[in-house]
Structures are given as C-alpha cells and as structure tokens.
Amino acid sequence: MGKRIVVLASGAGSNAQAVLDRPDLNVVAVVADVPGAGVLARAEAAGVESVCVDRGGYADRPTWEAALIGAVDARRPDLVVLAGFMRILSGDFVRRWPTLNVHPSLLPAFPGAHAVEDALAHGVKVTGVTVHFVVEEVDAGPIVAQEALDVHPDDTPETLHERMKAVEHRLLPDAIALFCADRLLVTGRHVRITT
Ligand code: GRF
C-alpha cells in the first residue's frame with residue numbers, strides 16, 4: 001500500500017468520505033475531536049480505524065494536543081490531512097508531519113473559520129477552494145491547488161458552500177494523491193507539481 005494517511009476532522013466529514021472513497025489512498029485512521037462526529041461513523045463504515053480525542057475530556061489545550069499527537073503518532077502517518085478539522089494546531093503539531101488542509105476560499109483571501117460567510121459579506125463575485133500545506137500561522141501555508149467558483153447573486157452560505165464542497169471532494173483527494181506519488185516539490189512558499 002501507499003503512504004500512510006491519518007485524516008483529522010470535526011464534523012460531517014464529507015471531505016473525509018471523498019478521501020476514504022479513493023482506492024489509491026491508504027487512510028489508516030480517522031481522528032476526530034468531537035464525540036459522535038459524523039466522520040467517525042463514515043470511517044467505521046469504510047472499515048477504517050476511528051479515534052476520538054475529545055477536547056472536552058482535557059483540562060487545557062496543551063494536554064489535549066499532547067493526547068492528539070500521541071494518537072496520531074501511534075498510527076505512524078506519512079501524511080496528516082485536515083478535512084474540516086475545526087481546531088487550531090500548534091507549531092509543535094504541524095512541524096511533526098507533512099499536513100494538508102482544505103479551505104473554502106481562495107487564500108490568502110478569507111482565512112479563518114467563517115470563510116464562506118466572510119466572502120459573501122464582502123460581496124466578492126468569485127471565490128473558491130484551496131488545498132495547502134499547514135504551517136503554524138492559520139491558513140497561510142504553501143498552496144498546492146486552487147479552483148475558482150462564481151458567486152451567484154442569490155447565494156446563501158449554504159448554497160455556496162455546497163458548490164464548494166463538490167470542488168473540495170475532487171481537489172483534496174487529487175492533492176493527496178500527488179503527495180503520495182512524491183510529486184509535490186515545496187520550495188519556500190511555492191509548490192511545484194512534478195511529472
Ligand atoms: C469544508 O468546507 C472545508 O473546506 C472546511 O470545513 C468543511 C468541512 O466539511 N475546512 P466536511 O465535514 O468535510 O463536510
């Protein structure tokens with residue numbers, strides 16, 4: 001099998017599902033920070049180990065993150081993928097493994113947890129999806145892939161986010177596959193896709 005992938009997610013997990021659905025990607029575990037997160041059931045259905053490191057079960061962030069690092073480390077990943085993981089990770093975490101994130105805007109526009117709402121509130125006509133390597137600064141790492149989407153005049157956060165997710169479900173697994181094939185060459189801020 002190919003490189004070992006651990007997926008971190010907090011919610012429904014439609015992006016995690018898109019990764020689990022790819023037979024060429026070797027997901028060894030899905031880790032959530034919220035008990036009962038939909039993504040845990042998706043992992044179980046796919047026959048992939050699911051783990052919850054409940055933030056609520058730890059007194060503070062460093063203790064929780066140490067437990068998270070322990071859980072991820074035990075699965076010996078070559079790559080960590082954040083697929084709707086809604087907690088900020090310290091530099092200590094993100095320097096440990098190459099980590100990819102999917103974000104619903106054309107970064108560096110609209111970083112943060114409300115990117116879809118922020119883009120609509122700003123009145124942009126075009127937004128999109130970004131897959132990037134994770135660094136300590138939130139949503140700021142080297143960009144692997146981006147795809148633009150038109151904003152429709154009658155879009156709500158829900159309708160726009162739904163169209164974005166359809167793009168994410170293709171862009172994220174494709175970026176992971178490139179990483180697993182050793183085809184992503186990172187030089188500073190720049191990611192070159194090699195042939
Ligand atoms: C996605 O839109 C992703 O870009 C953002 O969180 C959302 C997760 O959705 N970081 P899902 O749980 O994968 O359906």
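Before we move on, is P173 assigned to a helix (DSSP H, G or I) and farther than 15 Å from S105 by Cβ?
Working: assigned to a helix (DSSP H, G or I): yes; farther than 15 Å from S105 by Cβ: yes.
Judged against the criteria, P173 is a match.
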What pairs come up if the first residue lies in the range 138-161 and is over 15 Å from A115 (Cβ atoms), the second is among the basic types (K, R), and their beta carbons are under 8 Å apart, counting only those six or more places apart or on different chains?
P142/R189; D150/K125
Give all pairs with beta carbons closer than 8 Å in which a residue from the range 84-100 that is touching a residue at least 60 places away in the same chain (Cβ under 8 Å) meets a residue that is among the aromatic types (F, W, Y) and surrounded by 14 or more Cβ atoms within 10 Å (Cβ to Cβ); count only pairs at least 6 apart in sequence or on separate chains.
P98/F133; P98/F179; L100/F133; L100/F179
Scanning the range 158-195 for residues that are buried (at least 20 other Cβ atoms within 10 Å of the Cβ) and among the β-branched types (V, I, T), which turns out nearest to the ligand (Cβ to nearest atom)?
I176
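For residues that are in a strand (DSSP E or B) and surrounded by fewer than 16 Cβ atoms within 10 Å (Cβ to Cβ), tally how many sit in the range 27-49.
Quick first cut of the range 27-49, residues in a strand (DSSP E or B) only: 27-32, 49.
Next, only the ones that are surrounded by fewer than 16 Cβ atoms within 10 Å (Cβ to Cβ) stay: 49.
Matching residues across the range 27-49 total 1.
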Name the single residue, out of those in the range 108-129 being surrounded by 13 or more Cβ atoms within 10 Å (Cβ to Cβ) and part of a strand (DSSP E or B), that is nearest to the ligand (Cβ to nearest atom).
V129
Residue check, G2 over 16 Å from the mean Cα position of the chain (by Cα) and surrounded by fewer than 17 Cβ atoms within 10 Å (Cβ to Cβ)
yes
In the range 50-63, is there at least one residue being in a loop (DSSP other than H, G, I, E, B), in contact with a strand residue (DSSP E or B) (Cβ under 9 Å, 6 or more places away or on another chain) and more than 14 Å from the ligand (Cβ to nearest atom)?
yes
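Condition test on L106, is it closer than 22 Å to A12 by Cα and either in the same structural domain as R192 (by TED's automatic domain parsing) or at pLDDT 95 or above (or both)?
Working: closer than 22 Å to A12 by Cα: no; either in the same structural domain as R192 (by TED's automatic domain parsing) or at pLDDT 95 or above (or both): yes.
Taking the combined requirement at face value, the residue does not satisfy it.
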Restricting the range 71-107 to residues that are in a strand (DSSP E or B) and away from the ligand (no atom under 11 Å from the Cβ), which is nearest to H152 (Cα to Cα)?
L100
Filtered residues of the range 67-98 (kept if among the small types (G, A, S) and on the phi < 0 side of the Ramachandran plot)
A67, G70, A71, A74, A83, S90, G91
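Looking at A18, A66, which is the one that is more than 14 Å from the ligand (Cβ to nearest atom), among the small types (G, A, S) and either under 24 Å from G141 (Cα atoms) or in contact with a Leu (Cβ under 9 Å, 6 or more places away or on another chain) (or both)? Give the steps one after another, and end with the answer.
Values: A18 fails: more than 14 Å from the ligand (Cβ to nearest atom).
Of the residues listed, the single one that is more than 14 Å from the ligand (Cβ to nearest atom), among the small types (G, A, S) and either under 24 Å from G141 (Cα atoms) or in contact with a Leu (Cβ under 9 Å, 6 or more places away or on another chain) (or both) is A66.
The values are calculated or read from the model by the stated rules, or taken from the named source; none is laboratory data. Just so it is clear, the structure is predicted and the values come from calculations on it, not from any experiment. Counting neighbours? That spans all protein chains shown, and the Cβs are built from the backbone with ideal geometry, glycine included.
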